[in-house]
Structures are given as structure tokens and as C-alpha cells.
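The values are calculated or read from the model by the stated rules, or taken from the named source; none is laboratory data. Treat the numbers as computed from the prediction; the structure is a model and nothing was measured. Because the Cβ atoms are built from the backbone with ideal geometry, glycine has one as well, and the counts that use them run over all protein chains shown. Remember, those area values only see protein heavy atoms, side chains included, never the ligands or the DNA or RNA. Shrake-Rupley method; radii C 1.70, N 1.55, O 1.52, S 1.80 Å.
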Amino acid sequence: MATKKTKIEIALERIEVEKRAREEAKRREKEQQDKLQMELGRVLADAAEKPASEWATYRDRTVAELLAALGLEVVGKTTSDAPRGEAEPVGAVRPAGDSDQPVGWSD
């Protein structure tokens with residue numbers, strides 16, 4: 001009987017380790033997303049409010065061009081043919097080179 005209990009305890013310990021690893025991965029992902037959102041906000045504010053900013057040149061360009069300049073990859077097709085204001089999002093954005101990372105924003 002002691003053998004079965006030991007196996008059960010080992011299994012429970014493994015489950016707990018995996019659970020902590022998942023929680024840590026979620027925390028790191030949220031941290032990266034928060035950092036990305038802050039940077040995007042700064043870039044957009046500079047583009048809108050500071051004509052001398054390097055980002056002001058993207059006022060008359062597409063969002064895809066701005067994202068590429070930031071080193072981000074647009075996933076999915078762009079809607080550049082659609083009239084402004086009528087396009088719906090068709091893809092997600094992820095940092096270039098992070099293809100192993102999940103896509104999308106989570107809370």
C-alpha cells in the first residue's frame with residue numbers, strides 16, 4: 001500500500017509543478033503584453049501629438065507599416081482595400097520572432 005501512496009504523491013507533485021509552470025508562463029505573457037501595449041500607446045501618442053517625432057511620418061501610412069516599423073508581424077491578410085472605418089480586424093498581431101507565443105490578448 002505504501003508504494004501506491006508514493007506513486008500518488010509523486011503524481012500530485014508533478015501536477016503541482018506543471019500548474020505553477022503554467023501560471024508563471026501566463027504571468028510572463030501578460031507582462032509582455034502589458035509592455036507591448038504601453039509601447040504601442042507611447043508610439044501612437046507620439047505620432048498624434050509630436051509632429052517632429054519619428055512616428056509622425058506614419059500618420060498617412062497604414063497600420064501594417066507602423067507595426068512593421070515596430071518589429072511586429074501582422075498575422076492574416078490586411079484589409080487595405082477596404083474603405084477606412086469599415087474594415088474589420090482579420091488577424092492578430094504578435095511580436096516578430098515569437099511564433100511560439102500564443103496570439104491574442106488575455107486578461
What's the FRET efficiency of ALA69 with THR6 using the Cβ-Cβ distance as r and R₀ = 41 Å, to the nearest 0.05? 0.10
Using a 1.4 Å probe, how large is the accessible area of THR6, given in Å² and rounded to the nearest 10? 70
Charge context of ALA47, other residues only, Cβ under 15 angstrom, K/R +1, D/E -1: -2
Label point distance in nm, ASP34-GLU13, each placed 7 Å from Cα along Cα→Cβ: 3.3
Would you pull out the residues with amide H under 5 Å of GLU73's amide H, same chain only if 5 or more places away, H placed 1.01 Å from N? ARG94, ALA96
